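Here, each number is a calculation from the coordinates, and none is a lab measurement. Remember, predicted model here, so these are calculated numbers, not experimental data. All Cβ positions, glycine included, derive from the backbone under ideal geometry; neighbour counts span all protein chains shown.
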Amino acid sequence: MMVFRALLVVCLSGFINACSSVYDVQYDYDLKADFTDLNSYDWLPAPDETDVDSLNATRIKRAVNAEMQAKGLTITSDSPAFFIVAHSRTQDRISVRDWGYSYDPFESYWSGQWGTEGTSRYEYTEGSLILDFVDAGTKKMIWRGTAKAALDDQSTPEEKALLISEAVQKILKNFPPPAAN
């Protein structure tokens with residue numbers, strides 16, 4: 001019985017991880033930038049055209065600050081090595097899936113066709129989180145990370161914080177990039 005419970009827990013945790021709502025995580029960086037001396041940072045204000053509200057902006061900053069602290073970096077307004085700018089965008093999306101079949105016995109009776117194609121349609125809002133890292137000395141972008149997620153208007157504040165935290169963790173997983181050879 002204990003083996004069965006342990007197996008069930010492992011399977012369920014794998015299923016939950018597979019159902020993560022954060023997807024399409026990417027990053028890019030300047031190959032000539034030296035990331036070895038980047039030990040402090042500060043925040044720059046988000047551009048005016050960002051879709052992030054003040055509550056989510058606070059959640060993003062908290063999540064990024066926690067991840068950066070875990071990586072050994074400190075936040076300071078006194079001569080930081082780089083700046084972080086967070087952007088957020090939302091876009092309405094439609095997902096259409098062709099199942100390749102449908103079942104409607106009346107349609108087949110009237111049309112004489114069996115097995116007509118069926119589709120399903122799902123409308124959702126996709127959110128994009130973008131983190132730009134700007135060198136404090138040169139004022140040039142040196143690193144960018146992005147993640148997308150399906151957003152739910154009915155999410156609780158705790159669920160929103162968890163989603164943002166997951167997105168930030170996945171974005172910063174590969175920061176700093178490996179040193180150039």
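Computed quantities for the displayed model
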{"item": "D (Stokes-Einstein, µm²/s), Kirkwood Cα radius, region 18-99, 0.692 mPa s at 37 °C", "result": "210"}
{"item": "Ranked list, fewest to most other Cβ atoms within 10 Å of each Cβ, for Thr146, Thr156", "result": "Thr156, Thr146"}
{"item": "Qualifying aspartates and glutamates (Cα of each under 14 Å from Cα of Lys140; at least 8 residues distant if same chain)", "result": "Asp28, Asp30, Asp34, Asp132"}
{"item": "Label-point separation, Ser77 to Thr36 (7 Å along Cα→Cβ), nm", "result": "3.3"}
